[in-house]
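Step one of this worksheet: look at the structure below.
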Amino acid sequence: YAKALHYKEAEYLQSPAAAIAGTDGLISIYDSLGQRESAVGVLVDAERRCGVRRQEEWFEKLQRWNDALDAYQYVPSARAEQEQQQGLAELRDFKTMDNGN
């Protein structure tokens, strides 16, 4: 993972959006290494510096339920209301399960 992390971090400096997404992106690598705070830091930096839009799934993967809920509530008008409601329902289920453990 160290070599993959090195190359993805270098790619992030060139193209943040491309380096974050995907199964081999920075978020997945940081998550695999147990560095969820680093993954969140990359997301926040990309959002602020480069205008990358929050992806709800990224926060779900990192088990950041409140951030995911915020992202679902800020769904641009181009997205369907049904998708937003489905995501909110799924997050409520996750939060219920998470609080039960």
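The values are calculated or read from the model by the stated rules, or taken from the named source; none is laboratory data. Since this is a predicted model, take the numbers as computed values, not measurements. Cβ: placed from backbone, ideal geometry, glycine included. Neighbour counts: every protein chain shown. To get the accessible areas, we keep the full protein, side chains included, count just its heavy atoms, and leave off ligands, DNA and RNA. Shrake-Rupley method; radii C 1.70, N 1.55, O 1.52, S 1.80 Å.
The set of residues in the stretch 26-57 that are among the small types (Gly, Ala, Ser) and either assigned to a helix (DSSP H, G or I) or at pLDDT below 85 (or both) comprises SER28, SER32, SER38, ALA39, GLY41, ALA46, GLY51. For GLN63, the criteria (1) open to solvent by 60 Å² or more (accessible area, probe 1.4 Å); (2) in a helix (DSSP H, G or I) hold in every case but one, which is (2).
One line per residue, one yes/no per condition, for (1) surrounded by 12 or more Cβ atoms within 10 Å (Cβ to Cβ); (2) over 23 Å from GLY87 (Cα atoms); (3) under 13 Å from the mean Cα position of the chain (by Cα); (4) small (Gly, Ala, Ser):
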{"position": "LYS3", "(1), (2), (3), (4)": "no, yes, no, no"}
{"position": "TYR7", "(1), (2), (3), (4)": "yes, yes, no, no"}
{"position": "GLU11", "(1), (2), (3), (4)": "yes, yes, no, no"}
{"position": "SER15", "(1), (2), (3), (4)": "no, yes, no, yes"}
{"position": "ILE20", "(1), (2), (3), (4)": "yes, no, yes, no"}
{"position": "TYR30", "(1), (2), (3), (4)": "yes, yes, yes, no"}
{"position": "LEU43", "(1), (2), (3), (4)": "yes, no, yes, no"}
{"position": "ARG48", "(1), (2), (3), (4)": "no, yes, no, no"}
{"position": "GLU57", "(1), (2), (3), (4)": "yes, no, yes, no"}
